[in-house]
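Trainee: The structure that follows is given in the form of structure tokens.
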Amino acid sequence: MAEIRLTEHPILQFKRGRKISFTFNGKKLDGHEGETVAAALHAAGVTTYRRSPQLHRPRGFFCAIGKCSSCLMTVDGVPNVRICITPLREGMKVCSPKGKGQLPEDDPATIWTWPGQYVDKILETEVAIIGAGPAGLSAAVETTRMGAETVVFDENDGIGGQLIKQTHMFFGSKEQHAKVRGIDIVPLLLEQIDDSRAQIMLEATAIGLYADKTLGVVRRQELFGLRAQKIIMASGASENMLAFEHCDLPGVYGAGAVQTLMNVYGLIPGRRVLMVGAGNIGLIVSYQLLQAGVEVVEVIEAAPYIGGYHVHAAKIRRAGVPIHTCHTITKASGQEKVEGAVVAQVDSHWQPIPNTQRELAVDVICLAVGLSPTAELLFQAGCQSCYIPELGGHVAVHDENLETTVKGIYVAGDASGIEEASTAMLEGRLAGLCAAESLGKKAISERKEEILSQLKELRTGPFGEKARKGKEMMRQEACRYGL
Amino acid sequence: MAYKKGDALTARELAAQIPPKERLRRGPVAMVECVEEIPCNPCVEICPQGAISMPGGLNKLPRLDWEKCNGCGVCVSGCPGLAIFMVDLTEGRDRAKVALPYEFIPLPEKGDKVMALDREGNELGPVDVIRVQKGKRLDRTPIVTIAVPRKWALAARSIRRLGR
Ligand code: SF4
Ligand code: SF4
Ligand code: FES
């Protein structure tokens, strides 16, 4: 049986940090420096972290990128820590919470001082960028180039967002780094950020955004304020769930989670995978699974057609992976974790057709059924929202410059509507340019025109239809709000 | 369009991509199996002969000028869709060579027997690996060339390693 930890990979090299130990519910386990608690637990074979408070169902990770709260654990006494984005440290005590997780004492006076601290200061900057993924880094390229003092923060302990998991070559044209692998784009972006003007804060989570553009930020155990003249929200997206029987079992993982385990930490998610969803993400992650030596049993897609590019489908088809359209998953089986799946054909109303069920022996069910923009902080700050299915659901109303209904707050990348990384990078640059310009930095019209024309070009053609439609609806919404 | 359902390209969908017989007889030539309008054009940028064009812009189909293509293979590893293959029918009456991008490990070596697969992953039969190109220029997309019976020249598009 193959090891969970990959030592060789056709594209990636895994440099593991030194071995360190930690405890999980009192049991001593080993992991490596540089990996998250969730990655270390996965490598140690732990898939169930805790029990759900009401029905005591097993709970493990789902999204593995800090977005779903499925992995909340008590770490060194601190309840409700998302261990999928918490770096492992020597001697950490990781425990399953009882019920919903309790603060150690009921005394409100201690809550604010324990175990971290509330720093009674508010930092100031010209531009604050939330998220150091493709959109956020690209925004920083432009803001710093135009001379704006910029703080970029991200809740992960590394930069790049989802780019660091993209082992495939990008599409598009030269201007959008076509033919370059996503993983190799991160250093290219970093190189272009003027670091005399930029500060990148990692492991820093924005927990509040107020209309006066003050952010509440938690960094490790420290809470502080950050007041910015301009805010760019480049917070990405979260993985969609799909409802089916036992869909909450550990082993039902988001596609982003599978990529994270496999391409960041070099851990195979399981041995036999059912991929749900044949959009580009489902097809690409299937191919990446094959590259990691994992069997993809089949790819199913509820729609009558695959949503992704034929060239992506062709890569897995010639490797022997079947793709079944008009199929859905009706059930996961297993007690503590996934041991199988039941798939069925669907009719034109998306209803499973009786007697078409098939049972598959799989240990991972990978969901690639779409993403939803992460935009909650914008709504807290009072930005108007609207619902545009073509953009992935609830999005903040924004104008052509990506400015929301709250002046000085911008949104870019998947947070503004789900698209590809190439468009996210362009939107990031656009938001960066516009934010810096409104700070009074030198005029930018040429670069802005150039970015707008590239965005337009990427959204042309049959695969750009959804984004075109979504952005057109957004334009109408923006008009309604007088933007 | 069966490929929209996730199926492999049919002979009909491929017809326009197959170089004419005279060209095939003259030496190795690329076969661009990219039949869908996607926003992508590195093939146009990287071909040293300028043999690939994209009339109409980024979202249109690539078009290969068989006369300009000299079979150098640069596009095989440079296409992000891994959709370009090289076919060479100059190896005698019954044989053909197929060069394909192969991003899996372990990489086969020259002289290995491997199983040739068609576009749906069906086994065609064991064939010989006659060349393996890798290196920095290919940026982690090695090119494996197999010698196949001529009847598989337009069918063999992947390989599976056999135990040594
Ligand atoms: S094989 Fe060489 S000459 Fe022919 S299309 Fe590809 S890159 Fe151009
Ligand atoms: S580079 Fe490949 S995928 Fe892109 S247009 Fe050219 S042939 Fe198609
Ligand atoms: S937040 Fe950790 S698994 Fe989703």
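Trainee: Work out the length of the dipole vector of chain A about its Cα centre, built from +1 on the beta-carbon of each Lys and Arg and -1 on the beta-carbon of each Asp and Glu, and round it to the nearest 20 debye.
Mentor: Result for chain A is approximately 720 debye, rounded to the nearest 20.
Trainee: Here's something else I'd like to know. Hey, can you grab everything whose amide H is under 5 Å from the amide H of A:Leu267? Only 5+ residues off in sequence or another chain; H modelled, so Pro and N-termini drop out.
Mentor: Here A:Leu6, A:Met262 satisfy the definition.
Trainee: Can you give me the distance in nm between label points at B:Lys113 and A:Leu55, each placed 7 Å from the Cα along the Cα-to-Cβ direction?
Mentor: Taking the two extended label points, one gets 5.4 nm.
Trainee: Using the basic label-point model (7 angstrom from Cα toward the beta carbon), what is the A:Glu339 to B:Asn122 distance in nanometres?
Mentor: Spacing of the two 7 Å Cα→Cβ label points: 3.6 nm.
Trainee: Same structure again: Assuming R0 = 51 Å, what is the FRET efficiency of A:Arg18 and A:Glu295, from their Cβ-Cβ distance, to the nearest 0.05? Each step should come with its number before you reach the end.
Mentor: Numbers: r = 32 Å, r/R0 = 0.63.
Calculated transfer efficiency: 0.95.
Trainee: Just to be sure I understand: if I project the alpha-carbon convex hull of segment A:19-97 onto a plane and average over all orientations, what area do I get in nm²?
Mentor: 4.6
Trainee: Let me ask something else about it. So which helices of chain A fit the span-like rule, where a helix is a whole DSSP H run, its Cα atoms reach 24 Å or more along the axis, and its mean Kyte-Doolittle is at least -0.5?
Mentor: Sorted by number, the helices that extend far enough and score high enough are A:421-438.
Trainee: Determine, at each q value in 0.15, 0.17 (inverse angstroms), the log₁₀ of I(q)/I(0) that the Debye formula gives when each Cα of segment A:190-300 is one equal point scatterer.
Mentor: Listed by q, the Debye log ratios stand at -0.86, -0.93.
Trainee: Moving on. Starting from 0.36 nm per residue, how many nanometres of slack lie between A:Glu3 and A:Ala303 once their C-alpha separation is accounted for? Write down the numbers at each step before the final one.
Mentor: Numbers: separation 300, 0.36 × 300 = 108.00 nm, distance 3.55 nm.
Full-extension gain reported as 104.5 nm.
Trainee: Related question: What value in Å³ per residue do you get for the convex hull of the alpha-carbon atoms in segment A:268-344?
Mentor: Numbers: hull volume 6.0 nm³, N = 77.
In segment A:268-344, the Cα hull volume divided by residue count equals 78 Å³.
Trainee: Write down the Kirkwood hydrodynamic radius of segment B:79-158, to one decimal in angstroms, obtained as one divided by the mean of 1/r over all alpha carbon pairs.
Mentor: Value: 12.7 Å, from the Cα pair sum.
Trainee: Still on this structure, I have one more. Could you state the principal axis extents of the C-alpha atoms in chain B, from the largest down, to the nearest angstrom?
Mentor: Extents along the principal axes: 48, 35, 35 Å.
Trainee: Also: Could you tell me the total accessible area buried at the A-B interface, probe 1.4 Å, in square angstrom to the nearest hundred?
Mentor: 3500
Trainee: While we're on this one: Take every Cα pair under 8 Å in segment A:239-370 that's 6+ residues apart, average their separations, divide by the length, and report that relative contact order as a whole percent.
Mentor: After rounding, I find 34 percent.
Trainee: Separate question: Assign one of three labels to chain A, namely rounded, prolate or oblate, based on the Cα gyration tensor with a ≥ b ≥ c the square roots of its eigenvalues; rounded applies when a/c is under 1.5, prolate when it is not and a/b is larger than b/c, and oblate otherwise.
Mentor: On the way: a/c = 1.61, a/b = 1.15, b/c = 1.40.
Cα axes put chain A in the oblate bin.
Trainee: Right, here's the next one. Segment B:76-105: which residues show an accessible-area loss of 20 Å² or more, assembly versus chain alone, 1.4 Å probe?
Mentor: In segment B:76-105, residues shielded by partner chains: B:Gly78, B:Pro80, B:Gly81, B:Leu82, B:Glu103, B:Phe104, B:Ile105.
Trainee: Of all the stretches in chain B, which is the longest one without any exposed loop site, taking GluC sites (Glu not before Pro) in a DSSP loop (any state but H, G, I, E, B) with at most 13 other Cβ atoms within 10 Å?
Mentor: The answer is B:1-66.
Trainee: Could you give the accessible area per residue of segment A:286-428, probe 1.4 Å, as a whole number in Å²?
Mentor: 35
Trainee: Okay, next question. Filter A:Lys315/B:Lys134; A:Lys27/A:Lys331; A:Lys466/B:Lys4 down to the pairs with a C-alpha to C-alpha distance above 22 Å, please.
Mentor: Correct reply: A:Lys27/A:Lys331.
Trainee: Just subtract the alpha-carbon distance of A:Asp76 and A:Ala443 from 0.36 nm times their residue separation and send over the number in nm, one decimal.
Mentor: Here the segment from A:Asp76 to A:Ala443 would lengthen by 127.1 nm.
Trainee: Under a 10 Å cutoff between Cα atoms, tell me which one of B:Asp112, B:Asp128, B:Asp139 has the largest fluctuation in the Gaussian network model of chain B.
Mentor: Most flexible of the set in this elastic network: B:Asp139.
Trainee: Okay, helix-only estimate at 222 nm for chain A: each DSSP H run of n ≥ 4 adds -39500 (n - 2.57), divide by all residues, round to 500 deg cm²/dmol; what do you get?
Mentor: After summing the helix terms and dividing by residue count, I get -7000 deg cm²/dmol.
Trainee: With every protein chain kept in the model, how would you rank A:Asp154, A:Asp30 by accessible area, 1.4 Å probe, largest at the top?
Mentor: Listed by decreasing accessible area, they come as A:Asp30, A:Asp154.
Trainee: In whole percent, and with a 1.4 Å probe on the protein chains, what portion of the accessible area of the protein assembly as shown is carbon and sulfur?
Mentor: Carbon with sulfur: 51 percent of the solvent-accessible area.
Trainee: On a straight-distance basis, which aspartates and glutamates could pair with A:Lys174 in a cross-link, Cα separation under 18 angstrom, same-chain partners fewer than 8 positions away excluded?
Mentor: Filter leaves A:Asp184, A:Glu191, A:Glu420, A:Glu427, A:Glu449, A:Glu450, A:Glu457, B:Glu37, B:Glu45, B:Asp139.
Trainee: Right, here's the next one. How long are the semi-axes of the equivalent ellipsoid of segment A:261-300, taking √(5λ) for every eigenvalue λ of the Cα gyration tensor, in whole Å from largest down?
Mentor: Sorted largest first and rounded, they come to 16, 11, 7 Å.
The values are calculated or read from the model by the stated rules, or taken from the named source; none is laboratory data. A quick note: this is a predicted structure, and the numbers were derived from the prediction, not measured. Positions of Cβ are backbone-derived with ideal geometry, glycine not excepted, and every protein chain shown enters the neighbour counts. Side chains included, ligands, DNA and RNA excluded: accessible areas come from the protein's heavy atoms. Shrake-Rupley method; radii C 1.70, N 1.55, O 1.52, S 1.80 Å.
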